[in-house]
């Protein structure tokens, strides 16, 4: 008679499911990556290229430079320009990323692509448009639009805070200083509204009688 080991009465060990990072942590990480990338790019441009990378800004209606719509928001005309954009882009990017990482990435892509394309189409000729202010106005509009279409308490509070902090900057969508790309401000804002509508507008439920 052969003996067999007793059956295993304990359930199989289930590997632990890795905990998801809280939205605040995700938003903080992606904001640090964005701002750190802006500074790394500008340091590289100034130190290694003497500012020559600014040529990759948007050059309206120049077909050879159409692809520059994807590089222009990450370029700056010097450290002073970047410093002026750093705090607002960090604050508004962080608040936008609290709506979810993938929504934030898609919104950023739409702001860069649509906003840049509109600047390329309608911007002043004979000029080069660059700077993260396109993102600043895009994120501001995205937060306001998300509050309008989502109508959740968190989205409305975020929109109110963004408006309180940076609502005064909305005058920047109007022509003023010829050295400032108001076109990037205006069309970044337009693109941010579109991104909010696409990502947060709730579909109407129609009940047939």
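The values are calculated or read from the model by the stated rules, or taken from the named source; none is laboratory data. Computed from a prediction, not measured in an experiment: that's the story for all the values here. Every residue, glycine among them, receives a Cβ derived from its backbone with ideal geometry; neighbour counts consider all protein chains shown.
Residue check, residue 146 against (1) touching a helix residue (DSSP H, G or I) at 6+ places or on another chain (Cβ under 6 Å); (2) without any contact (Cβ under 8 Å) to a residue 40 or more places away in the chain; (3) not in a loop (DSSP other than H, G, I, E, B), all met but one. Which one? Exception for residue 146: condition (2). Going residue by residue through region 178-198, is there one that turns out to be farther than 22 Å from residue 74 by Cα, at pLDDT 90 or above and in contact with a helix residue (DSSP H, G or I) (Cβ under 9 Å, 6 or more places away or on another chain)? Yes, because at least one residue in region 178-198 is farther than 22 Å from residue 74 by Cα, at pLDDT 90 or above and in contact with a helix residue (DSSP H, G or I) (Cβ under 9 Å, 6 or more places away or on another chain).
Scanning region 21-42 turns up at least one residue that is in contact (Cβ under 8 Å) with a residue 12 or more places away in the chain, surrounded by fewer than 12 Cβ atoms within 10 Å (Cβ to Cβ) and either farther than 21 Å from residue 134 by Cβ or in contact with a strand residue (DSSP E or B) (Cβ under 8 Å, 6 or more places away or on another chain) (or both).
Would you confirm, using the coordinates I've provided, whether residue 97 is out of contact with any strand residue (DSSP E or B) (no Cβ under 7 Å at 6 or more places or on another chain) and touching a residue at least 60 places away in the same chain (Cβ under 8 Å)? Against the criterion (out of contact with any strand residue (DSSP E or B) (no Cβ under 7 Å at 6 or more places or on another chain) and touching a residue at least 60 places away in the same chain (Cβ under 8 Å)), residue 97 qualifies.
Could you tell me whether residue 47 is modelled with pLDDT under 95 and exposed (fewer than 13 other Cβ atoms within 10 Å of the Cβ)?
Numbers: modelled with pLDDT under 95: no; exposed (fewer than 13 other Cβ atoms within 10 Å of the Cβ): yes.
Judged against the criteria, residue 47 is not a match.
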